[in-house]
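The values are calculated or read from the model by the stated rules, or taken from the named source; none is laboratory data. Treat the numbers as computed from the prediction; the structure is a model and nothing was measured. As a convention, Cβ positions derive from the backbone with ideal geometry for all residues, glycine included, and neighbour counts pool all protein chains shown.
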Amino acid sequence: MVAQAQHEVPMTETAPVTPAAGMKVQFLGFTEETPEHGHLLTPGEVYDLIEVVEKAGEEPSYLLSAANPQFDNSKRASVNNPKWLKVDVFADEIAVVAEAPATTGKSKGKSKGKGKSPAVAATAPAPKLAKPPRAGAPPATDEEGQMARLEHEDPEILAIMEQQENILAYVEELDQDIANKEWLIGGILYHAKLDRTYHQLDPRYAEKGGFEVYCNERLSCGYRKAMNLIEIYYQFNLNSIPGAELAKIGWTKAREIVRVMEEANAGELVTLAENSSVAELKESIRADYVGGKAGEATERVRRLTFKFKLFADQAELVDNVLQQTMETLGLKDKNQAFEHIIVEWASEHLSS
């Protein structure tokens with residue numbers, strides 16, 4: 001009996017390296033509003049990634065270390081006189097590098113090799129630095145990968161577990177409520193920013209950059225997410241997308257699609273977000289919505305993704321053929337090789 005394990009033929013080359021604390025990363029540029037101290041980062045330069053910030057239900061952000069131009073060398077480094085400042089960035093604004101040049105980040109001593117561009121890691125990324133286990137802390141999971149039960153827990157959560165008949169339905173309601181509130185926050189902040197009502201709370205908020213200061217001081221979501229929610233609210237209304245769609249796809253996916261959203265593709269992008277993971281959505285937007293530089297009137301080119309399932313031996317054969325075609329023709333990826341094989345076969349066997 002032939003085993004029928006199915007394999008999807010991979011159509012991409014390598015997965016991106018996940019940034020981790022301790023790595024050197026190249027700053028690619030901000031895709032959204034510039035955060036606090038963001039002006040200290042220069043696209044193309046390499047910096048130390050000092051911390052990964054993770055919040056439940058949100059995409060992680062990364063803190064880079066940038067030299068403080070206001071640092072007073074005549075005084076000791078302190079809270080009031082920091083030598084380095086933290087800058088918050090997202091994953092698509094940085095790329096892990098194999099080795100960091102001595103001219104950037106926290107490197108000490110004289111620089112060498114000035115003018116050389118940092119090499120972006122393709123096959124040999126820098127190793128992740130694992131966090132050391134806490135002394136005396138119990139293991140997070142048992143031998144079967146199951147988390148251990150807590151001896152002491154939040155009484156409110158335990159009461160909910162006893163009272164709710166369908167706990168999964170209840171958590172889905174909570175999740176929906178969070179998404180609904182994010183839509184409301186985006187809409188209210190849109191009007192607050194438009195009418196400058198936040199100015200009356202503090203004279204500093206009326207100064208340049210005051211809205212950023214207001215968000216970071218008074219809102220738990222912070223300035224960058226606040227601006228994301230405002231943009232989502234604005235673009236959804238501009239393109240007649242109901243707010244209920246935000247609850248379906250989540251703000252992280254919505255943030256990605258509003259960057260390329262216009263009247264002609266709004267509904268298509270929402271559907272794409274509903275049927276894709278965040279990583280798949282980002283890749284689809286990069287590959288399928290190709291435009292020119294800002295301000296240029298260019299037609300977006302829509303590309304489609306095909307998925308095929310083959311038996312293990314068939315998948316291996318197809319992969320070998322794609323690899324050989326790439327090497328023979330000097331092609332860059334399997335997508336080009338696949339297209340060449342199909343067109344070549346069709347021209348010989350199919351009538352026009």
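Strands (runs of 3 or more DSSP E) wholly in the range 52-164 with at least 1 residues that are closer than 21 Å to Arg224 by Cβ, modelled with pLDDT of 70 or more and of a type in the set (D, E, K, R) - which ones? Outline the logic, then answer.
Working: elements: 61-67, 84-90, 94-96.
Hits in the range 52-164: 84-90.
Would you check if Gly243 is in contact with a helix residue (DSSP H, G or I) (Cβ under 9 Å, 6 or more places away or on another chain) and touching a residue at least 60 places away in the same chain (Cβ under 8 Å)?
Numbers: in contact with a helix residue (DSSP H, G or I) (Cβ under 9 Å, 6 or more places away or on another chain): yes; touching a residue at least 60 places away in the same chain (Cβ under 8 Å): yes.
In short, yes.
Quick one: how many residues across the range 38-51 are among the small types (Gly, Ala, Ser) and either part of a loop (DSSP other than H, G, I, E, B) or in the same structural domain as Leu174 (by TED's automatic domain parsing) (or both)? Don't jump to the end; show me each part of the working.
First, pick out the residues of the range 38-51 that are among the small types (Gly, Ala, Ser): 38, 44.
Now narrow it down to the ones that are either part of a loop (DSSP other than H, G, I, E, B) or in the same structural domain as Leu174 (by TED's automatic domain parsing) (or both): 44.
Count: 1.
Could you list, in sequence order, all residues of the range 208-229 that are within 18 Å of the chain's Cα centre (by Cα) and either within 15 Å of Ala179 (Cα to Cα) or in a loop (DSSP other than H, G, I, E, B) (or both)? Steps first, please.
Our first condition is that a residue be within 18 Å of the chain's Cα centre (by Cα); within the range 208-229, this holds for 221-229.
The answer is Cys221, Lys225, Ala226, Asn228, Leu229.
Which of (1) closer than 20 Å to Ile285 by Cβ; (2) surrounded by 20 or more Cβ atoms within 10 Å (Cβ to Cβ); (3) among the charged types (D, E, K, R) is the odd one out, the single condition Arg259 does not satisfy?
All conditions pass for Arg259, except number (2).
So in the range 177-195, with the set limited to residues that are within 22 Å of the chain's Cα centre (by Cα) and hydrophobic (A, V, I, L, M, F, W, C), which one is nearest to Gly222 (Cα to Cα)?
Ile185
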